[in-house]
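Worksheet: the structure to be examined is printed underneath.
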Number of protein chains: 2
Amino acid sequence: MPQIIIADDHPMVRGALALAVESAFDQPEILECAHLAGVMQLLESIGAADLLLLDLRMPGVDGFEGLVRIRSQFPATPVVVISALEDPRLVREALALGAMGFIPKSTPRAEIVAALSLVAAGGTYRPDDLSLAEPAPDSKGRAADDDFLQRVLTLTPQQRRVLQLLGTGKLNKEIAYDLDIAETTVKAHVSSILHKLRVYSRTQAVVMAGRLHLDSFADVAEG
Amino acid sequence: MPQIIIADDHPMVRGALALAVESAFDQPEILECAHLAGVMQLLESIGAADLLLLDLRMPGVDGFEGLVRIRSQFPATPVVVISALEDPRLVREALALGAMGFIPKSTPRAEIVAALSLVAAGGTYRPDDLSLAEPAPDSKGRAADDDFLQRVLTLTPQQRRVLQLLGTGKLNKEIAYDLDIAETTVKAHVSSILHKLRVYSRTQAVVMAGRLHLDSFADVAEG
DNA sequence: ATTACCCTTGTACCAAAGTACAATTGGCAC
DNA sequence: GTGCCAATTGTACTTTGGTACAAGGGTAAT
């Protein structure tokens, strides 16, 4: 019996998604959450879900931070991002951050069902009109960030956890305690992380990684 | 004959600013630059300008770094920051870093002229709607951040410059080079900064300080 | 079963970070 | 002037951070 988590702060949306899930899976166990904390608790208690439908905007989730947290702490759980928006950049970034799909809320039910089946089968889904419209980099700063994203994706799950804690400013010693491993091991991970991210200090890694969350800066027209 | 430097990578913007400068000063000598390197060269050759209009975003300047470099190497030159953005936090920080004014590109010409005159007279300028709209905390997470902001404000100007460079992930050695001081001095500043901010590592300082800039998340409507 | 990769840990070493104490200079205010 | 403070620098020291190398155990794929 597949366990599916639906995380959205809007009950109506959860209901609609539940219908789609019931169509796409055989006797699913549907677990609903209205906030990120609930999702994390659920995942901790059941270890890993078979699928997680995650809204980008809910209490406790301001953007991709929730996705990143979940992906790094529960890499085994496939995540499909649900969003009211469908900006190509958002889609790309969500997928780059490890989401297995991106479903705009405006998607027809039938297509949602197909998308969920696709992801359950190990595929990835994105809105049709984006399959081709991808290779269109617009601004300059974007490129560098995308490069960095690609590098973050080469990190192993444990390394992502380390990077996560690194991002809170913790010492190696504290990270070791948190992950219940030796400080030596943390150092090994940090070294590997620095190489993969092509930076030369933890501080730089933190600065770079920090941008992944909040580089949603609206390009403002010249005055 | 006052020497005024206009640094912006957009010719149209430079033109508009030049007009304002000509209205605000008597027979000004206007020097234009499209990138940071040119500004530094100009300042080195003429020693100090009477006013520098500096865009936040140009080749070689990703944010406050250029402002910091200029302020530290040519403290005698008053700098007015020109920006397409007008986030109150940006304004506050620019002024904290030693800018004598902050002029959004959307400002009417007449007001720009007045602002330039004000700064030339030794005053500081900021957009009107920010003089009062500052002390308005809205969300919960704000409280802690405001505490932190209060602590940041206890930093001396030079310490803020150091913190700024710290936030780019630079080593003490690099910071020393940028500010043209000894690494020992940088260490002294960092130590002092850590104490004032009540953190125990540069990484934590960077993480905390990072929040001050970019927690500007646009609230998006539900689908 | 052999390869490959991840996670783990250890030792050893070097570089960077951070603290503590002391001292000089210069500006500014009372 | 005297005092205060920012800024600077130095020496000396301890703690973190980071690299290099080596190695054992686990899992998954070929």
> Sorted from shortest, what are the nm distances separating the label point of residue A:87 from equivalent points in the other copies, each placed 7 Å from Cα along Cα to C-beta?
Replying inline: 1.3
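Partner chain Cβ atoms within 10 Å, averaged over the residues of B:197-207 - can you pull that number for me?
5
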> Applying the Karplus parametrisation 6.51 cos²θ - 1.76 cosθ + 1.60 with θ = phi - 60° to the phi angles of segment B:186-203, what ³J(HN,Hα) value in whole Hz is obtained for each residue in order, glycine and proline being reported as x?
Replying inline: 4, 4, 4, 5, 4, 4, 4, 4, 4, 5, 5, 8, 6, 10, 10, 7, 4, 4
>> Contact order normalised by length for segment A:12-122, with contacts defined as Cα pairs under 8 Å and 6 or more residues apart; what percent is it?
In response: 26 percent
> Of A:8, A:26, B:178, which has the most accessible area with a 1.4 Å probe, and how do the rest follow in descending order?
Replying inline: A:26, B:178, A:8
>> Using the basic label-point model (7 angstrom from Cα toward the beta carbon), what is the residue B:27 to residue B:183 distance in nanometres?
In response: 5.2 nm
> Nm distances between the label at residue A:178 and the same-position labels in the remaining copies, 7 Å along Cα→Cβ, shortest first?
Replying inline: 2.6
> What's the average, rounded to a whole number, of partner chain beta-carbon atoms within 10 Å of each residue's beta-carbon in B:82-89?
Replying inline: 2
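Take the alpha carbon gyration tensor of segment B:3-120, find the square roots of its eigenvalues, order them as a ≥ b ≥ c, and report rounded if a/c is under 1.5; if not, report prolate when a/b exceeds b/c, else oblate.
Note, shape of segment B:3-120 comes out rounded.
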> So between residue A:85 and residue A:48, what do we pick up on full extension, going 0.36 nm a residue minus the alpha carbon distance?
Replying inline: 10.6 nm
>> List, shortest first and in nm to one decimal, how far the label point of residue B:41 (7 Å from Cα along Cα→Cβ) is from its counterparts in the other copies.
In response: 6.3
> Can you flag which of B:105/B:196; A:170/B:173; A:187/B:173 are past 25 Å Cα-Cα?
Replying inline: B:105/B:196
> Given H placed 1.01 Å from N in the peptide plane, which residues other than close sequence neighbours of residue A:181 have an amide H under 5 Å from its amide H?
Replying inline: none
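The values are calculated or read from the model by the stated rules, or taken from the named source; none is laboratory data. The structure displayed is predicted, hence computed values, not measured ones. Quick reminder, even Gly has a Cβ in these numbers, built from the backbone with ideal geometry, and neighbours come from all protein chains shown. Quick note on the areas: whole protein, heavy atoms, side chains included, nothing else; ligands and nucleic acids left out. Shrake-Rupley method; radii C 1.70, N 1.55, O 1.52, S 1.80 Å.
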